[in-house]
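Undergrad: My questions all concern the structure below.
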C-alpha cells in the first residue's frame, strides 16, 4: 500500500534565541514568507516559513549541534544569482560532485546546518 503522499514540512534545528537570524537568512536572503506558528507551539520558540507547497520549520533545540551531512535541498529559479547574493552576505559556497540534469551548491545557514540549492536544466 502507498501510504505517503508527499512532504508537508521539514524541520531545521537552531540554537536558543536565534529566531531573528533565521528570519534574516530564510526570510530576507532566501525570500521565504514567514507563516504563523500555532498558538499552542509558540512557547517553544522558533519560526516557520512557506517554501512552495511545503513548510520549513526552524525549531529551537536545547544542546543544539548543527547538521553537517544531513540537509534539505531547495530548488531555486536562479542558482547563479542566489550564489552571488549569499557570497555578498558572507556565506561560504561549496560546490559538490555534479549530478546530471542539475546544477547545485551547498552552504551553511547561520547556525552551521548544511543547506543545498539546486537548479534543474
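The values are calculated or read from the model by the stated rules, or taken from the named source; none is laboratory data. Treat the numbers as computed from the prediction; the structure is a model and nothing was measured. FYI the Cβ positions are ideal-geometry reconstructions off the backbone, even for glycines, and counts take in every protein chain you see.
Undergrad: Is there a residue in region 90-100 that is surrounded by 14 or more Cβ atoms within 10 Å (Cβ to Cβ), part of a loop (DSSP other than H, G, I, E, B) and under 14 Å from the mean Cα position of the chain (by Cα)?
TA: yes
Undergrad: Show the residue pairs meeting these rules: Cβ distance below 8 Å; 6+ apart or different chains; first residue within region 76-103 and farther than 19 Å from residue 28 by Cβ; second residue at pLDDT below 95 and in a loop (DSSP other than H, G, I, E, B).
TA: 101/121; 102/121; 103/121
Undergrad: Can you tell me which residue is nearest to the chain's Cα centre (by Cα) among those in region 1-22 that are part of a helix (DSSP H, G or I) and surrounded by 14 or more Cβ atoms within 10 Å (Cβ to Cβ)?
TA: 22
Undergrad: Suppose the filter is under 20 Å from residue 28 (Cβ atoms), under 16 Å from the mean Cα position of the chain (by Cα) and in contact (Cβ under 8 Å) with a residue 40 or more places away in the chain; does residue 111 pass it?
TA: yes
Undergrad: Same structure again: If residue 58 satisfies all but one of (1) on the phi < 0 side of the Ramachandran plot; (2) surrounded by fewer than 16 Cβ atoms within 10 Å (Cβ to Cβ), what's the number of the condition it fails?
TA: (2)
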